[in-house]
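Have a look at the structure below, then the notes.
The values are calculated or read from the model by the stated rules, or taken from the named source; none is laboratory data. All of these numbers come straight from a predicted model, not from anything done at the bench. Using ideal geometry, Cβ is built from the backbone for each residue, glycine included, and neighbour counts are taken over all protein chains shown. For the accessible areas, the whole protein counts, side chains as well, though only heavy atoms, and no ligand, DNA or RNA atoms are used. Shrake-Rupley method; radii C 1.70, N 1.55, O 1.52, S 1.80 Å.
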Amino acid sequence: MTAIVASLTVVLVLALTSLLATKINENLLNMARQAVQEEAHGDADAIASALQRELTKVDVIARAIRHALEQRPDITQKEFGALVAPLISTTPSILLVGRSRGYILEQVYPVSGNETAIGLDYRLVPRQFIGVDRTLRSGETSLQGPVNLVQGGQAFVQRSPYYAPTTNDMSQIATGIVSIVVDRDRLLKEIAQSHGMMSYHIAIRSLGDDLNPVKMLYGSAGTFDHQPVLRQVPTDGSTWQIGLVPATGWPVTVRVGNLVWALSFLSIGFLGAMFLALWMMYRSKRAAESQLRSAINSIEDGFALFDPLDRLVFANEKYLSYYELSRDAIYPGNTFENILKEGLKKGQYKDAIGREDAWLEERLAKHFNPTEPIEQKLGDGRWLKVAETRSPDGNTVGFRVDITELKQARERAEAANRAKNNFLNIISHELRTPLTSVIGYARFLENVDILPGFKALDNAVRTGADRDECTRALSTLRSDVANMSGRITTASDHLLGLINDVLDRAKLEANTVELCIAPVDLGDMVNTVTSDLGIRAAEKGITLTSDVVPLSVNADAKRLRQVLINIVGNAVKFTETGGVHLSSDHDETNVRIIVRDTGCGIPADQLDLIFKQFVQVDTSVTRRNSGTGLGLAIARQLVELHGGTISVESEQGRGSCFTITLPLHARNLELAA
Ligand code: ADP
């Protein structure tokens with residue numbers, strides 16, 4: 001990944017460098033061009049006006065000479081020289097001034113070097129004849145050329161006509177021509193020199209009436225192909241166009257181009273390096289963060305971090321899973337208060353239902369001043385231990401530990417403790433009652449003399465009563481003793497039953513009950529149970545019937561009887577009207593013994609509990625009847641030891657139906673099972 005980003009950065013740096021350097025160089029070039037062009041425009045103006053000035057000067061000189069000639073047409077050569085010399089002395093580019101009368105050149109200045117020209121007939125020189133003839137006939141001054149000079153170089157010739165004073169008709173052909181020959185190269189060199197502008201290629205061409213180029217007058221025609229700065233100078237007879245191009249051409253490169261490249265590369269490269277460094281820092285920060293996150297996520301407990309403004313920074317998966325109902329509100333940036341409010345709306349906090357505002361206030365107070373951990377019950381019934389602490393920089397760190405199991409175990413232990421206390425109360429009462437009977441009746445038997453039968457016998461013996469009366473008194477005494485012994489036996493039996501129950505329970509808990517499995521006839525077994533309990537049923541005025549078919553079952557006869565006595569005994573005990581009926585059915589593997597009564601019934605929410613030890617349904621009927629709450633717990637465990645089950649269906653006020661399901665061929669199951 002890092003290698004890819006580094007390569008991309010390098011490519012980006014190169015591309016940006018090229019873009020930036022090219023752009024800067026373009027701008028610099030434009031600026032350089034603009035500067036050179038501005039300078040060239042200024043220089044072109046200067047050259048144009050200088051040329052204009054020089055040509056005007058030539059024109060003025062020509063006018064002065066014409067004027068003089070028009071005054072004195074018969075001027076001598078000497079006078080001509082005296083006239084011209086001072087006029088051209090300050091214009092070194094003027095090579096020659098000539099004066100013709102008609103087509104004959106009569107006077108020149110300077111004469112030296114031009115002697116042969118005097119007396120020249122223009123009609124014999126075709127190159128010059130056209131210009132001369134046009135000037136003479138048109139009467140207009142014209143600047144002609146360039147013409148080749150004998151001494152080399154080229155020259156412009158200004159021809160201006162003059163008219164002798166006798167000539168009144170100006171439409172007639174002119175008297176003669178004043179010709180001023182100007183050294184072209186010298187003229188332009190002087191202009192350029194005088195303006196210090198030798199660094200240009202200068203070219204001049206004449207334009208036609210339609211302003212199209214007609215003829216090159218000076219310099220190279222190619223100059224006009226290189227985007228020259230153009231200026232126009234009106235001259236006698238035509239318009240000249242000056243073209244100006246820097247001698248080195250227009251700038252095409254930037255001098256500091258390479259420097260720009262280097263600087264661009266350095267700056268973009270620096271930015272690229274900065275970016276890479278920042279990216280790597282960001283990556284390592286992200287890696288550290290994700291390590292921390294995965295570490296926090298793997299914590300078994302819920303964890304959440306809130307910033308000093310109480311906005312959530314991070315909550316791990318466990319935390320979110322605890323608050324499933326308000327999960328949507330638990331996102332970074334949301335405040336703790338908002339999360340609580342959302343949870344309250346959705347019934348997230350069990351103990352807040354019905355008193356949301358007060359709960360919110362209390363919870364926030366604890367959150368802002370965390371001291372002891374608090375316990376919180378959630379909407380789904382789970383319990384959380386909430387521990388919050390404030391870090392020195394103002395953050396709040398919250399832990400959530402699921403203490404549901406702990407809480408349930410505690411509740412179970414408390415319930416067991418309550419049940420045990422209850423049992424102790426019951427058992428002490430249950431034991432004390434028969435014991436009190438036994439002790440009371442035993443006292444009576446110890447002191448027989450207080451029995452009514454003894455008193456009657458004693459009285460009969462002492463008074464010498466007859467034999468019949470003594471026999472009656474003795475019989476009364478016997479009946480009294482038998483009655484008391486019987487009560488002692490009943491109470492002892494009851495006591496023994498209770499003690500047996502407690503011992504059985506202890507044995508079952510210690511897994512030391514051993515079954516003695518043998519074939520048992522179910523019909524016989526049920527008959528003995530109904531006949532044993534039939535007396536109690538009869539005493540209560542209820543029926544106890546059975547239609548259990550004879551069937552051989554592999555079971556521990558003693559324990560099965562104990563189970564039946566318990567279930568049927570309960571049915572009789574808790575039935576005041578109607579009766580108890582035992583029935584059975586079986587298939588190939590199991591037999592079901594059904595004990596149905598029309599008693600008080602058991603509330604639906606207690607049905608599962610009655611098989612737990614020490615549990616008694618809290619009704620007046622139960623309270624009226626003695627019991628320890630052990631019977632059904634023992635019965636269920638004994639049946640389960642046989643590999644069977646006990647279940648109950650009941651409707652309060654209408655009766656109950658206990659079903660014992662036993663395997664037909666029970667094995668002696670491992671006690672530890
Ligand atoms: P106990 O010694 O109190 O009878 P048991 O474990 O045998 O203890 O029964 C537990 C409780 O179940 C009873 O106290 C009674 O409240 C309820 N119970 C059991 N059998 C019946 C029944 N046939 N009808 C109504 N309640 C019953």
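Relative to the longest principal axis of the chain, what angle (0 to 90°, nearest 10) does the C-alpha long axis of helix 557-573 take?
So the helix axis and the longest Cα principal axis differ by about 90 degrees.
Rounded to the nearest 20 Debye, what is the dipole magnitude of region 361-446 about its Cα centre when Lys and Arg each give +1 and Asp and Glu each give -1 at the C-beta?
Its charge dipole is roughly 240 debye.
If we restrict to alpha carbons, what Rg and Dmax does region 1-115 come to, in Å?
That works out to 32.6, 106 Å for Rg and Dmax.
Going by alpha carbons, how many degrees (0 to 90, nearest 10) lie between the helix axis of 184-194 and the longest principal axis of the chain?
Roughly 50 degrees, rounded to the nearest 10.
Which stretch or stretches of region 436-460 have amide N atoms under 13 Å from the point lying 7 Å from Asp468's Cα along the Cα→Cβ direction?
none
On a 0 to 90° scale, report how tilted helix 467-509 is relative to the longest principal axis of the chain, with both axes built from alpha carbons and the result rounded to the nearest 10.
Tilt relative to the chain: about 20 degrees.
Report the extension gain between Glu362 and Thr490 in nm, rounded to one decimal, defined as 0.36 nm multiplied by the number of residues separating them, less their alpha carbon distance.
39.9 nm
Determine the calculated [θ] at 222 nm for the chain from helices alone, applying -39500 (n - 2.57) to every DSSP H run no shorter than 4 residues and normalising by the residue count; nearest 500 deg cm²/dmol. Can you show the working numbers first?
Working: 15 runs with 325 residues, N = 673.
Value at 222 nm, helices only, nearest 500: -17000 deg cm²/dmol.
Please compute the per residue accessible area over region 346-471 with all protein chains in place, 1.4 Å probe, rounded to a whole number of Å².
64 Å²
Quick check: the distance between the Cα centres of region 425-457 and region 482-532, to the nearest angstrom?
Cα centroid of region 425-457 versus Cα centroid of region 482-532: 24 Å apart.
Determine the sum of side-chain charges near Ser437: Lys and Arg each +1, Asp and Glu each -1, restricted to other residues whose C-beta is under 13 angstrom from that of Ser437.
Around Ser437, the charge tally is +1.
Could you please state how large a percent of the accessible area of region 23-122 is carbon and sulfur, counting protein chains only and using a 1.4 Å probe? Intermediate results must be reported in sequence, preceding the final value.
Details: 2860 of 5070 Å².
Roughly 56 percent, rounded to a whole number.
Could you rank Ile299, Ile88 by how accessible they are, 1.4 Å probe, largest area first?
Ile299, Ile88
At a temperature of 10 °C and a viscosity of 1.306 mPa s, determine how fast region 14-66 diffuses translationally according to Stokes-Einstein, using the Kirkwood radius over alpha-carbon pairs as Rh; express D in µm²/s, rounded to the nearest whole number.
This corresponds to a translational diffusion coefficient of 109 µm²/s.
Report, in listed order, any pair from Lys318/Lys366; Lys346/Lys385; Lys285/Lys385; Lys377/Lys612; Lys318/Lys612; Lys407/Lys573 with a Cα-Cα distance greater than 29 Å. It would help to have the intermediate numbers written out before the result.
Details: Lys318/Lys366 22 Å; Lys346/Lys385 20 Å; Lys285/Lys385 33 Å; Lys377/Lys612 27 Å; Lys318/Lys612 36 Å; Lys407/Lys573 37 Å.
From the list (Lys318/Lys366; Lys346/Lys385; Lys285/Lys385; Lys377/Lys612; Lys318/Lys612; Lys407/Lys573), the Cα-Cα distance tops 29 Å for Lys285/Lys385; Lys318/Lys612; Lys407/Lys573.
If you take all C-alpha pairs in region 267-308, what percent of them are over 15 Å apart?
Working: 521 of 861 pairs.
Taking all Cα-Cα pairs of region 267-308, the fraction more than 15 Å apart is 61 percent.
As a test, work out the antiparallel percent of DSSP beta bridges whose residues both lie in the chain, rounded to the nearest 5.
95 percent
Suppose the chain between Met280 and Leu424 were pulled fully straight at 0.36 nm per residue; how much longer would it get relative to their current alpha carbon spacing?
44.5 nm
Check each of the chymotrypsin sites (Phe, Trp or Tyr not before Pro) in region 257-336 and keep only those in coil by DSSP with at most 15 other C-beta atoms within 10 angstrom; list them in order.
Loop-located and lightly packed - none at all.
Residue by residue through region 206-217, which ³J(HN,Hα) values in whole Hz follow from phi under the Karplus form 6.51 cos²θ - 1.76 cosθ + 1.60 (θ = phi - 60°), with glycine and proline marked x?
Each residue of region 206-217 in turn: 9, 10, x, 4, 7, 6, 8, x, 10, 8, 6, 9 Hz.
Quick one: which residues, 5+ away or cross-chain, put their amide H under 5 Å from the amide H of Tyr200? H built at 1.01 Å from N.
Placed amide hydrogens put Ala247 under 5 Å from Tyr200.
Just to make sure I understand: if all protein chains stay in place, what is the order of Ile499, Ile75 by accessible area at 1.4 Å, largest first? Before the final figure, lay out the partial values.
On the way: Ile499 75, Ile75 10 Å².
Most to least solvent-accessible, the answer reads Ile499, Ile75.
Taking the Cβ-Cβ separation of Leu149 and Ala15 as r and a Förster radius of 60 Å, what is the calculated FRET efficiency to the nearest 0.05?
The formula returns an efficiency of 0.45 here.
Could you tell me whether the chain comes out rounded, prolate or oblate from its Cα gyration tensor? Rule is a ≥ b ≥ c as square roots of the eigenvalues, rounded for a/c under 1.5, then prolate if a/b exceeds b/c, otherwise oblate.
Values: a/c = 7.35, a/b = 6.31, b/c = 1.16.
In terms of gyration-tensor shape, prolate.
Carbon-plus-sulfur fraction of the accessible area of region 353-429, 1.4 Å probe, in percent?
For region 353-429, the apolar C and S fraction of the accessible surface comes to 54 percent.
Separation between the Ala387 and Asn417 pseudo-spin-labels, each 7 Å from Cα along Cα→Cβ, expressed in nm?
Modelled inter-label distance: 2.4 nm.
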